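The values are calculated or read from the model by the stated rules, or taken from the named source; none is laboratory data. What you are looking at is a predicted structure, and each value in this text was computed from that prediction instead of being measured. Using ideal geometry, Cβ is built from the backbone for each residue, glycine included, and neighbour counts are taken over all protein chains shown.
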Amino acid sequence: MDPNRLAQALSLLGVAGYVYFLWFRPNQEGIALALGLALGGAGLAYGERPFPVPLFLGLLALYLLLQVLFGYPLHALLGGALGLGLPYLAYRLRKPAR
C-alpha cells in the first residue's frame, strides 16, 4: 500500500473515531486515541522521502503534553505512534534493500 494513502486513511479514521466517540458513544479514552491517530497520520508527508509537517507535529506534541498533564497520555501516545509508525513502516517495507 502507498504510504501517503495509508497516512491519509489513518487521519480520516482518526477524525471518524473522534466523531464516533464524541457523539455516539462518549468515551474519553477513545477520543484521545482518535485525536492522536488523526494528528499522527498527518505528521509526516510522503513523496520521494518522508518529510515532517511542522504544523501537525507541533499540534501532536502540544496535544500529548496536555494529555500528560490532564488526560489519558497512553491512549494519545498509542494513537500518535500508530499514526506516525504504520505509514513509515509501509514506506520502509516498499523500498528495496541496498
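For the reader, a short list of remarks on this structure follows.
- Test for residue 76: is it among the hydrophobic types (A, V, I, L, M, F, W, C) and in contact with a Gly (Cβ under 6 Å, 6 or more places away or on another chain): yes
- For first residues located in region 70-93 and free of Cβ contacts under 8 Å to residues at least 40 places away in the same chain, partners that are among the aromatic types (Phe, Trp, Tyr) and lie 6+ apart or on another chain with Cβ distances below 7 Å do not occur.
- Some residue of region 10-29 being surrounded by 18 or more Cβ atoms within 10 Å (Cβ to Cβ), under 9 Å from the mean Cα position of the chain (by Cα) and without any contact (Cβ under 8 Å) to a residue 60 or more places away in the chain: no
- Residue, nearest to residue 55 (Cα to Cα), within region 29-44, restricted to residues that are aliphatic (A, V, I, L, M) and in a helix (DSSP H, G or I): 39
- Single match in 84, 55 (criterion: assigned to a helix (DSSP H, G or I), touching a helix residue (DSSP H, G or I) at 6+ places or on another chain (Cβ under 9 Å) and modelled with pLDDT of 95 or more): 84
- One residue from 60, 64, 6 being surrounded by 16 or more Cβ atoms within 10 Å (Cβ to Cβ), touching a Pro at 6+ places or on another chain (Cβ under 6 Å) and part of a helix (DSSP H, G or I): 6
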